[in-house]
Amino acid sequence: KAGVTQTPRYLIKTRGQQVTLSCSPISGHRSVSWYQQTPGQGLQFLFEYFSETQRNKGNFPGRFSGRQFSNSRSEMNVSTLELGDSALYLCASSLGQFSTGELFFGEGSRLTVL
Amino acid sequence: QQQVKQSPQSLIVQKGGIPIINCAYENTAFDYFPWYQQFPGKGPALLIAIRPDVSEKKEGRFTISFNKSAKQFSLHIMDSQPGDSATYFCAASRGGAQKLVFGQGTRLTINP
């Protein structure tokens, strides 16, 4: 069974640009959540999607957005990039909206903003 | 109220020793407490998890101890091996939500 797949794995952008990251969950998983990982702030929750609906949102500015498609695949977008957006962005999937809480993480997309 | 505090930040143990990582939470609504293990270049992977109606849970060499009254929980790794060297994160969530609140992580090194 394939794991959570995130693309691209690495990318470099400049300030002011925007970026879109993609996540394909484990087959059969309907819930997708996104996390930002930085050395200073650690792992922080961005948002969670289930059946194409955003169920929960973390404390991030509106420049961070996401969506989920009917096949459960998800994308997140960051507009007007800032230096502080440099981070590892992790996608996680789980079976359902109120599953055991076990999240399966992908290997992440490492974003560098110059 | 949403914080999970983890200590120590880093830990070095000899092979065969028992590293212990501690976490404390504030929000009594939390009802699910997982531990994740992360190797460099990889995403976190679930190691073991506990709910507050249980005081201890063992899975292989990994044990979670949970103290509901103190709002603390800890991870013990028995017979630690160099392959256990990784960063460990505790976390908490409530109501089956996928929103995990993570501790800051502990970088564990097991020396051979």
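The values are calculated or read from the model by the stated rules, or taken from the named source; none is laboratory data. No experiment lies behind these values; they were computed from the predicted model shown. Methodologically, a virtual Cβ is constructed for each residue, glycine included, from the backbone with ideal geometry; neighbour enumeration extends over all protein chains shown.
Quick check: is even one residue across segment B:86-94 within 13 Å of chain A (Cβ to nearest Cβ) and either basic (Lys, Arg) or assigned to a loop (DSSP other than H, G, I, E, B) (or both)?
The answer is yes, given that some residue of segment B:86-94 is within 13 Å of chain A (Cβ to nearest Cβ) and either basic (Lys, Arg) or assigned to a loop (DSSP other than H, G, I, E, B) (or both).
Name the single residue, out of those in segment B:18-44 being aliphatic (A, V, I, L, M) and closer than 15 Å to B:Ile77 by Cβ, that is farthest from the chain's Cα centre (by Cα).
Only one residue tops the list, namely B:Ile18.
Looking for whichever is surrounded by 17 or more Cβ atoms within 10 Å (Cβ to Cβ), touching a residue at least 12 places away in the same chain (Cβ under 8 Å), within 14 Å of chain B (Cβ to nearest Cβ) and over 15 Å from B:Phe102 (Cα atoms) here; the options are A:Phe64, A:Phe50, A:Phe60, A:Phe105. Which one fits? Give the steps one after another, and end with the answer.
Details: A:Phe64 fails: within 14 Å of chain B (Cβ to nearest Cβ); A:Phe60 fails: surrounded by 17 or more Cβ atoms within 10 Å (Cβ to Cβ); A:Phe105 fails: over 15 Å from B:Phe102 (Cα atoms).
Every option except A:Phe50 fails the conditions.
Within segment A:16-33, track down each residue that is closer than 13 Å to A:Asp85 by Cβ and either of a type in the set (Asp, Glu) or buried (at least 18 other Cβ atoms within 10 Å of the Cβ) (or both).
A:Val19, A:Leu21
Rundown of residues vs (1) surrounded by fewer than 13 Cβ atoms within 10 Å (Cβ to Cβ); (2) out of contact with any Cys (no Cβ under 9 Å at 6 or more places or on another chain); (3) closer than 21 Å to A:Pro39 by Cβ, yes/no style:
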| site | (1), (2), (3) |
| --- | --- |
| B:Val13 | no, yes, no |
| B:Ile18 | yes, yes, no |
| B:Phe30 | no, yes, no |
| B:Trp35 | no, no, yes |
| B:Gly41 | yes, yes, yes |
| B:Leu47 | no, yes, no |
| B:Ile50 | no, yes, no |
| B:Val54 | yes, yes, no |
| B:Gly60 | yes, yes, no |
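Give the residue that is surrounded by the fewest Cβ atoms within 10 Å (Cβ to Cβ), with candidates limited to residues of segment B:66-88 that are hydrophobic (A, V, I, L, M, F, W, C) and within 16 Å of B:Tyr36 (Cβ to Cβ).
B:Ala86
So, of the residues in segment A:91-114 that are at pLDDT 90 or above and in a loop (DSSP other than H, G, I, E, B), which turns out to be farthest from A:Ser24 (Cα to Cα)?
Among those residues, the one meeting the criterion is A:Leu114.
Residues in segment B:48-85 that are within 14 Å of chain A (Cβ to nearest Cβ), without any contact (Cβ under 8 Å) to a residue 24 or more places away in the chain and in a strand (DSSP E or B): how many?
Qualifying residue count, segment B:48-85: 4.
Which one of these is under 21 Å from B:Gly16 (Cα atoms) and aromatic (Phe, Trp, Tyr): B:Phe62, B:Phe73, B:Phe66, B:Phe33?
Checking each option against the conditions leaves just B:Phe62.
Consider segment A:74-92. How many of its residues are within 12 Å of the chain's Cα centre (by Cα) and either facing chain B (nearest Cβ under 9 Å) or exposed (fewer than 15 other Cβ atoms within 10 Å of the Cβ) (or both)? Walk me through it before giving the result.
Let us first name the residues in segment A:74-92 that are within 12 Å of the chain's Cα centre (by Cα), namely A:74-78, A:87-92.
Imposing the further condition that a residue be either facing chain B (nearest Cβ under 9 Å) or exposed (fewer than 15 other Cβ atoms within 10 Å of the Cβ) (or both) reduces the set to A:77, A:88, A:90-92.
Count: 5.
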